[in-house]
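Quick notes on the structure that follows.
The values are calculated or read from the model by the stated rules, or taken from the named source; none is laboratory data. In this text the structure is predicted, and so the values were computed from the model without any measurement. Glycine gets a Cβ as well: all are built from the backbone with ideal geometry, and neighbour counts include every protein chain shown.
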Amino acid sequence: MFALALAAAGCHAQTSNQTSNQTATIPGALAPDQARRVEVLIRSRSNIPPNYDIQIGPRTKSNIPGFDEIAVSFTADGKSKSVTFLLSTDGKTLAQFSKYDISKDPKQLVSAVGRPARGGSADAPVLIVGFDDLECPFCAKMHAEIFPALIERYKNQIHIVYRDFPLDQHPWAMRAAIDANCVGAQNTTGYWNLVDYIHAHAAELGGDEKSLAKANDTLDQLARDEGKRQNLNADSLNACLTKQDDTAIKASMKDGEALGVDSTPALFINGEKIEGAQPLEYVYRMIDNALTAAGQTPPPPATPIQQPPPQTQPATKPAS
């Protein structure tokens with residue numbers, strides 16, 4: 001943890017040497033030999049480069065029984081970082097710990113407000129939020145394999161939404177997200193129909209030449225076709241497709257980045273993150289745990305798919 005604390009010691013407000021040198025005159029200051037022990041321990045355990053100047057602040061009261069706080073400042077190249085450590089009242093133990101706020105329900109940390117949904121209602125015990133890229137092959141694999149199985153197994157116990165996270169390396173992913181949202185603004189069923197189709201046929205978009213212009217035209221036409229099937233307002237839909245407003249998409253990406261999302265697919269199951277196309281049993285386990293924590297009974301354990309025994313000889317004899 002010392003090393004983690006020091007890793008942040010890069011861009012911070014400067015601290016003058018005069019302020020640092022005055023710490024020995026403040027009541028509660030550590031005796032020189034004790035301050036030396038603290039410094040040596042921190043330097044050795046965290047591999048502090050020799051160009052860092054370390055100043056040990058005075059003892060102050062903490063809310064941890066048996067420990068006082070000391071502020072340790074690390075200064076190099078005119079920049080300084082202060083880190084708080086704990087020193088036992090008998091002066092024999094140095095410690096550091098991180099404190100986290102768990103007063104909020106993790107389920108509420110990832111918003112699903114205003115998004116088209118599948119599965120149970122918005123008050124279902126488990127909320128699954130997926131950050132999705134419609135051009136991502138791993139997202140397509142998860143979409144095709146995991147979500148139908150989850151809805152079949154958990155039915156109304158889960159509420160599923162997608163948040164947009166198109167990656168820069170996927171040239172038409174932003175267009176796909178905007179077009180799907182244009183449909184979704186008027187009709188949830190149309191949104192999911194379009195998402196299902198794009199994920200299933202992503203490899204075909206752009207044709208053999210993988211033309212971005214052709215992919216974009218195809219996406220717009222798919223959205224219009226779905227709009228006709230769902231009897232959407234054609235003028236509103238066409239205006240949305242023409243405008244290509246990416247404001248909501250970028251806001252979704254910013255939210256994802258704040259939650260630590262840097263790749264797709266990324267799922268949050270009542271706030272617990274799972275990244276990549278993971279085995280289905282891992283996802284089941286996380287949902288079952290979330291249901292149990294919510295006071296709900298998970299479905300019976302899923303029956304493993306029985307694979308046929310390997311054949312030691314051909315099922316039919318080859319023609320002579």
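Report, by residue number, each residue of the stretch 275-286 that is under 17 Å from residue 126 (Cα atoms) and without any contact (Cβ under 8 Å) to a residue 60 or more places away in the chain. Matches in the stretch 275-286: 281, 282, 285, 286. Within the stretch 1-56, the set of residues being closer than 18 Å to residue 96 by Cα, in contact with a Leu (Cβ under 9 Å, 6 or more places away or on another chain) and modelled with pLDDT under 50 comprises 2 only. Scanning the stretch 99-106 turns up at least one residue that is surrounded by fewer than 16 Cβ atoms within 10 Å (Cβ to Cβ) and more than 30 Å from residue 161 (Cα to Cα). Any residue at all in the stretch 124-135 that's touching a Phe, Trp or Tyr at 6+ places or on another chain (Cβ under 6 Å) and either of a type in the set (A, V, I, L, M) or surrounded by fewer than 24 Cβ atoms within 10 Å (Cβ to Cβ) (or both)? Yes, the stretch 124-135 contains at least one residue that is touching a Phe, Trp or Tyr at 6+ places or on another chain (Cβ under 6 Å) and either of a type in the set (A, V, I, L, M) or surrounded by fewer than 24 Cβ atoms within 10 Å (Cβ to Cβ) (or both).
Scanning the stretch 164-193 for residues that are closer than 13 Å to residue 115 by Cα and among the aromatic types (Phe, Trp, Tyr) gives 191, 192. Among the helices (runs of 4 or more DSSP H) confined to the stretch 184-271, there are none with at least 1 residues that are in contact with a Pro (Cβ under 6 Å, 6 or more places away or on another chain), of a type in the set (D, E, K, R) and closer than 20 Å to residue 140 by Cα.
Counting only residues that are free of Cβ contacts under 8 Å to residues at least 60 places away in the same chain and not in a loop (DSSP other than H, G, I, E, B), how many does the stretch 84-141 have? The total comes to 8. Determine, yes or no, whether residue 144 is surrounded by fewer than 18 Cβ atoms within 10 Å (Cβ to Cβ), touching a helix residue (DSSP H, G or I) at 6+ places or on another chain (Cβ under 8 Å) and within 21 Å of residue 226 (Cα to Cα). Considered against the rule, which asks whether it is surrounded by fewer than 18 Cβ atoms within 10 Å (Cβ to Cβ), touching a helix residue (DSSP H, G or I) at 6+ places or on another chain (Cβ under 8 Å) and within 21 Å of residue 226 (Cα to Cα), residue 144 comes out as yes. Residue 154 falls short on exactly one of the conditions (1) within 21 Å of the chain's Cα centre (by Cα); (2) among the aromatic types (Phe, Trp, Tyr); (3) buried (at least 20 other Cβ atoms within 10 Å of the Cβ), and that condition is (1). Considering the stretch 164-207, the residues that are of a type in the set (Asp, Glu) and without any contact (Cβ under 8 Å) to a residue 60 or more places away in the chain include one that is surrounded by the fewest Cβ atoms within 10 Å (Cβ to Cβ), namely 168. Of 46, 103, all but one fail to be hydroxyl-bearing (Ser, Thr, Tyr) and closer than 23 Å to residue 255 by Cα; the exception is 103. Of all residue pairs spaced 6 or more apart or on separate chains, those with beta-carbon atoms under 6 Å, a first member in the stretch 51-71 that is in the same structural domain as residue 84 (by TED's automatic domain parsing) and a second member that is part of a loop (DSSP other than H, G, I, E, B) and buried (at least 18 other Cβ atoms within 10 Å of the Cβ) are 56/30. Check whether at least one residue in the stretch 76-85 is assigned by TED's automatic domain parsing to the domain that holds residue 28, among the acidic types (Asp, Glu), touching a strand residue (DSSP E or B) at 6+ places or on another chain (Cβ under 9 Å) and over 30 Å from residue 277 (Cβ atoms), and report yes or no. No; the residues of the stretch 76-85 include none that is assigned by TED's automatic domain parsing to the domain that holds residue 28, among the acidic types (Asp, Glu), touching a strand residue (DSSP E or B) at 6+ places or on another chain (Cβ under 9 Å) and over 30 Å from residue 277 (Cβ atoms).
Residue 272 meets all of the listed conditions (1) surrounded by fewer than 17 Cβ atoms within 10 Å (Cβ to Cβ); (2) under 19 Å from residue 116 (Cα atoms); (3) touching a residue at least 60 places away in the same chain (Cβ under 8 Å) but one, namely (2).
For the stretch 113-130, a residue qualifies if it is out of contact with any Ser or Thr (no Cβ under 6 Å at 6 or more places or on another chain) and over 18 Å from residue 275 (Cα atoms), and the qualifying residues are 113, 114, 115, 117, 118, 119, 120, 121, 122, 123, 124, 125.
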